[in-house]
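A.B. asks: Below is the structure I would like to discuss, written out as structure tokens.
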Amino acid sequence: MSEQMHQMVTNALVNQPVTDLHTHCYTPEFGASPDPDGLLLWGIDELVTYHYLIAEVYRIVPASELPYEKYWRMSKQAQADHIWKHLFVEHTPVSEACRGVLTTIEKLGLDPNEKTLDAYRKFFADQTADQYIDHVMELANIDSITMTNSVFDDHERGKWEANPNVGDDPRFEAVLRIDPLLRDWRGACAQLREWGYDANPDFSGNTVDQVRRFLADWLDRMNAIYIAMS
């Protein structure tokens, strides 16, 4: 009986669709790489140039050999080739960050033993960002992806202001991120005043009510499911 119960619980957990409550993904309407103006980063080059892997490759190829300024001047493809060569081909990829990339490649049905990124680039080139999102959600059994939407980021805020429907994708939910409001009040206050909210650095007058109005306005605009900061 206990074995049957164990199997029932296991099956229920394995088959239960998951809501991912915190990601840095965006709907394709925000623009997608390789568009330099896009916020949705996808594809093998973005996967391999994850910031943990950039930090890791500098333990092998130090800044004395490849200065940071030179690395950041390289194309995204060149950066990815550099990391793939040194972390995945010439060294055993045992770190958590490396294993995450290899697991993703394998789950996509690709060979993780490739010496170059060419085959992976072709795989991504043969599909759209929309198709890839659907594929990943199916593989991971995810029913909803939660974005992280920073209203104090001029670039991202501009996307919402230019297109009120930018977040209208049934696969995604928005989250209102407000870090500067709590970590840099004076800077945030100046921005609030620029946007038409009567806020004061010393919290005098209607400041609290105006901050509430600001939050309500953007929660409504984004249809956000929660507020976040870190």
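A.B. asks: Hey, what do the phi angles of the range 119-136 turn into as Karplus ³J(HN,Hα) couplings, whole Hz, using 6.51/-1.76/1.60 and θ = phi - 60°, x for Gly and Pro?
C.D. replies: With the stated coefficients, the range 119-136 comes to 5, 5, 5, 5, 4, 6, 5, 7, 9, 9, 4, 4, 5, 5, 4, 4, 5, 5 Hz.
A.B. asks: A follow-up question, please. For the range 1-129, what value does the Rg/Rh ratio take when both radii are computed over Cα atoms and Rh is the Kirkwood radius, given to two decimals?
C.D. replies: 1.08
A.B. asks: How much space per residue, in cubic angstrom, does the convex hull of the C-alpha atoms of the range 183-226 take up?
C.D. replies: Each residue corresponds to 73 Å³ of Cα convex hull volume.
A.B. asks: Hey, can you grab everything whose amide H is under 5 Å from the amide H of residue 142? Only 5+ residues off in sequence or another chain; H modelled, so Pro and N-termini drop out.
C.D. replies: Sorted by chain and number, the residues that satisfy this are 18.
A.B. asks: Oh, and also: If the elastic network links every pair of Cα atoms under 10 Å, which of 38, 100, 167 fluctuates the most in the Gaussian network model of the chain?
C.D. replies: For the chain, modelled as a Gaussian network with Cα springs under 10 Å, the answer is 100.
A.B. asks: Can you list the HN-Hα couplings for the range 20-29, worked out from phi with the Karplus curve (6.51, -1.76, 1.60; θ = phi - 60°), rounded to whole Hz and with x for Gly and Pro?
C.D. replies: Each residue of the range 20-29 in turn: 7, 7, 8, 9, 10, 8, 9, 5, x, 5 Hz.
A.B. asks: Please work out the C-alpha center-to-center distance from the range 84-105 to the range 1-57 and express it in whole Å.
C.D. replies: 17
A.B. asks: Follow-up. Just rank 118, 169, fewest to most, by other beta-carbon atoms within 10 angstrom.
C.D. replies: With the sparsest Cβ surroundings first, the list reads 118, 169.
A.B. asks: Would you calculate a helix-derived [θ] at 222 nm for the chain, using -39,500 (n - 2.57) for each DSSP H run of n ≥ 4 and dividing by the full residue count, to the nearest 500?
C.D. replies: -14500 deg cm²/dmol
A.B. asks: List the pair-distance distribution P(r) of the range 75-157, using every Cα-Cα distance, as the percent of pairs falling in each 10 Å bin from 0 up to the bin containing the longest distance, rounded to whole percents.
C.D. replies: Calculated over all Cα pairs of the range 75-157, the distribution is 14, 37, 33, 15, 1 percent.
A.B. asks: Quick check of the Kirkwood formula: for the range 144-230, what is the inverse mean of 1/r over all pairs of different Cα atoms, in Å?
C.D. replies: Its Kirkwood hydrodynamic radius stands at 13.4 Å.
A.B. asks: Could you tell me what fraction of 2.2 N^0.38 Å the Cα radius of gyration of the chain comes to, as a two-decimal ratio?
C.D. replies: Against the compact-globule rule of thumb, the ratio is 1.24.
A.B. asks: Have a look at 50, 68, 120 and tell me which one the Gaussian network model of the chain (Cα, springs below 10 Å) gives the largest fluctuation.
C.D. replies: Of 50, 68, 120, the most mobile in the Gaussian network model is 68.
Readers should treat all values here as calculations from the given coordinates under stated rules, not as data from a laboratory. Being a predicted model, the structure only gives us computed values, none of them experimental. Because the Cβ atoms are built from the backbone with ideal geometry, glycine has one as well, and the counts that use them run over all protein chains shown.
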